[in-house]
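Comments concern the structure below.
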Amino acid sequence: MSIVKKRSCLRTVPAAAMARKLGLALFTLTILASATEAAPRDFNRPPRAAGGEVERIETRRKALFQAMLHDPGNLDAAFEYAALSSQVGDLEGAIATLERMLIFAPGMPRLQLELGVLYFRLGAYGTAGTYFDAAVTGDDVPPEVRSKVSEYQAAIASRNDPSSFSGSLGIGVRYQTNANSGPSSTIVNLNGLDFVLSEDARKSGDANGFLSADVLGVLDLPAQGVEFKVSLRGYAEGYLDHQELNLGYAELAAGPSFDLNRFGLTGSTLDVYGIAAGGILAGDPLTSSLGAGVFLGQRPTTDWFHGVRAEFRHERFYNSDAYARMSEKSGDRLQGQYVSSWRLSERLSFDAAAMVDRFDAQTERNSYRQYGVLAGLTIQYDSPIEALVAPWSLSVNSQLSRRNHDAPDPMISSAVQRTTKWTLGVTQTIPLASDWAAQLQAGYQKSWSSYDTSDFDNATFGISLRKVF
């Protein structure tokens with residue numbers, strides 16, 4: 001059994017680990033961005049009761065209606081009737097009930113807030129704004145009412161503005177048990193021979209700080225039903241020990257978006273866009289890409305969104321002192337995606353995505369086909385801390401991908417590399433204000449590969465602050 005020298009190790013295992021981390025990061029970034037796009041923040045969705053609940057709710061509504069006829073001043077019955085009406089989608093009935101209640105309880109902030117919300121969901125933003133303004137004009141307005149009104153007023157302003165600008169910024173720290181994606185075993189098989197890895201190439205934990213940004217600008221064009229969208233996504237991370245893995249990546253996409261309702265495709269949009277992206281590794285140029293894409297999205301109901309995307313990119317990788325053969329990974333990528341988002345209830349949502357990825361590199365061993373699926377569940381619940389009034393949310397997501405290379409890597413094996421990766425992530429979001437939130441994150445990643453050098457696992461733990469605007 002021989003010992004892998006340090007220089008040889010730096011040219012094989014770490015370089016492969018870096019490529020794996022970058023490939024997975026970009027693959028995950030794309031699929032998660034698609035899933036996020038499938039579920040934009042949208043207040044204009046009336047709560048829906050589950051199918052089995054509708055009959056029970058209607059029976060209760062009839063009883064409450066009779067109670068209000070006999071006692072018009074019964075505010076408890078009226079509140080319950082309005083809430084149940086909203087659950088079954090009868091927003092007009094809920095509005096009529098709450099407006100009658102204003103006669104008996106004029107100037108009540110919570111009542112005016114609820115009326116504003118209902119008119120907002122009907123798309124009557126002017127009337128909704130009047131009620132929102134009234135809800136916060138008094139001296140004794142609950143803080144949670146002011147916070148909610150502020151959110152809806154901002155949403156109304158964005159809908160009335162021919163241009164909009166939104167996004168999020170994040171900053172945080174993370175610890176990984178296997179930051180360099182080192183093999184699980186200290187012994188790897190290279191072309192039938194067992195080698196003991198040097199310490200540099202083994203599984204190694206490390207901490208890093210990271211920054212992320214996701215920005216979207218939308219401009220209404222003179223042509224009816226046409227907008228111009230510009231999106232920018234970026235990510236940067238710096239490591240405490242493994243500074244050779246310090247990574248920065250940014251991607252810009254821009255193009256027109258067409259409302260297809262005029263062609264009979266209700267709730268559908270078509271986005272056509274160009275793509276430019278680039279990244280650096282340890283201060284050296286790493287990659288750049290140019291391409292184009294098309295996305296067809298549809299919202300069949302207020303609680304379901306889905307769409308398909310196709311993208312083509314020409315990607316270039318650049319050699320550096322540490323990675324002298326990176327240019328061999330340059331090539332063309334063709335990618336297809338399906339994304340979907342369901343709002344299952346007032347506080348529960350489910351996201352799913354699937355992706356097919358074909359990459360043709362300069363060398364066959366770096367060419368591959370990749371398939372992936374992602375599923376995520378998010379649940380909101382009341383804040384356990386009295387001072388933080390906004391609901392908290394807990395998200396659990398899992399991703400599974402499979403990569404099959406076209407040809408073997410002669411430095412490692414005469415067999416073709418086939419790798420399966422599974423990732424599980426949990427995120428606890430704690431709203432601190434209307435536009436700030438803390439996030440606690442934990443994750444686990446496992447890779448099974450026909451190549452020992454790509455067989456690894458990694459657990460992550462992180463905390464971050466996120467600002468939305």
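The values are calculated or read from the model by the stated rules, or taken from the named source; none is laboratory data. Quick caveat: nothing in here was measured; it's all calculated off a predicted structure. Methodologically, a virtual Cβ is constructed for each residue, glycine included, from the backbone with ideal geometry; neighbour enumeration extends over all protein chains shown. For the accessible areas, the whole protein counts, side chains as well, though only heavy atoms, and no ligand, DNA or RNA atoms are used. Shrake-Rupley method; radii C 1.70, N 1.55, O 1.52, S 1.80 Å.
Going by the conditions given, is A276 at pLDDT 95 or above and under 30 Å from G331 (Cα atoms)?
yes
Please give the helices (runs of 4 or more DSSP H) falling wholly within the stretch 105-200 in which 2 or more residues are of a type in the set (D, E) and either open to solvent by 20 Å² or more (accessible area, probe 1.4 Å) or farther than 28 Å from T427 by Cα (or both).
Details: elements: 109-122, 125-135, 143-160.
Per the criteria, 143-160.
Could you list all residues from the stretch 387-411 that are of a type in the set (V, I, T) and in contact with an Asp or Glu (Cβ under 8 Å, 6 or more places away or on another chain)?
Within the stretch 387-411, V389 is the sole residue that qualifies.
Considering (1) within 22 Å of the chain's Cα centre (by Cα); (2) surrounded by 17 or more Cβ atoms within 10 Å (Cβ to Cβ), say which one A310 fails and leave the rest.
A310 satisfies every listed condition except (2).
Residues of the stretch 349-367 being of a type in the set (S, T, N, Q) and surrounded by fewer than 17 Cβ atoms within 10 Å (Cβ to Cβ), which ones?
Passing the criteria: Q362, T363.
So, in the stretch 141-163, how many residues would count as being over 18 Å from V218 (Cβ atoms), free of Cβ contacts under 8 Å to residues at least 40 places away in the same chain and touching a helix residue (DSSP H, G or I) at 6+ places or on another chain (Cβ under 8 Å)?
6
Say we look at the stretch 215-259 and pick out the residues that are of a type in the set (D, E) and open to solvent by 50 Å² or more (accessible area, probe 1.4 Å); which of these is nearest to L296 (Cα to Cα)?
As a first pass, look at the stretch 215-259 and keep what is of a type in the set (D, E): 220, 227, 237, 241, 244, 251, 259.
Restricting the remaining residues to those that are open to solvent by 50 Å² or more (accessible area, probe 1.4 Å) gives 220, 227, 241, 244, 259.
Values: D220: 19, E227: 14, D241: 44, E244: 39, D259: 10 Å.
Selected residue: D259.
Any residue that is in contact with a Pro (Cβ under 7 Å, 6 or more places away or on another chain), among the hydrophobic types (A, V, I, L, M, F, W, C), without any contact (Cβ under 8 Å) to a residue 40 or more places away in the chain and not in a loop (DSSP other than H, G, I, E, B) - is there at least one of those in the stretch 228-244?
Looking through the stretch 228-244, at least one residue is in contact with a Pro (Cβ under 7 Å, 6 or more places away or on another chain), among the hydrophobic types (A, V, I, L, M, F, W, C), without any contact (Cβ under 8 Å) to a residue 40 or more places away in the chain and not in a loop (DSSP other than H, G, I, E, B).
List the pairs whose first member sits in the stretch 420-447 and is touching a residue at least 12 places away in the same chain (Cβ under 8 Å) and closer than 15 Å to A375 by Cα, whose second member is of a type in the set (A, V, I, L, M, F, W, C) and crowded, with 16+ Cβ neighbours inside 10 Å, and whose Cβ atoms are under 7 Å apart, counting only residues at least 6 apart or on separate chains?
Close Cβ pairs satisfying both conditions: K421/L24.
Please go through the stretch 386-441 and give me each residue that is within 24 Å of L169 (Cα to Cα) and touching a Pro at 6+ places or on another chain (Cβ under 9 Å), ordered by number.
Once the filter is applied, which keeps residues that are within 24 Å of L169 (Cα to Cα) and touching a Pro at 6+ places or on another chain (Cβ under 9 Å), the stretch 386-441 yields L388, V389, A390, P391, W392, S393, P431, A437, A438.
Looking only at the stretch 70-112, which residues are under 14 Å from A135 (Cα atoms) and in contact with a Phe, Trp or Tyr (Cβ under 7 Å, 6 or more places away or on another chain)?
Q112
So, of the residues in the stretch 331-386 that are of a type in the set (S, T, N, Q) and in a strand (DSSP E or B), which turns out to be farthest from V88 (Cα to Cα)?
So the residue we want is Q370.
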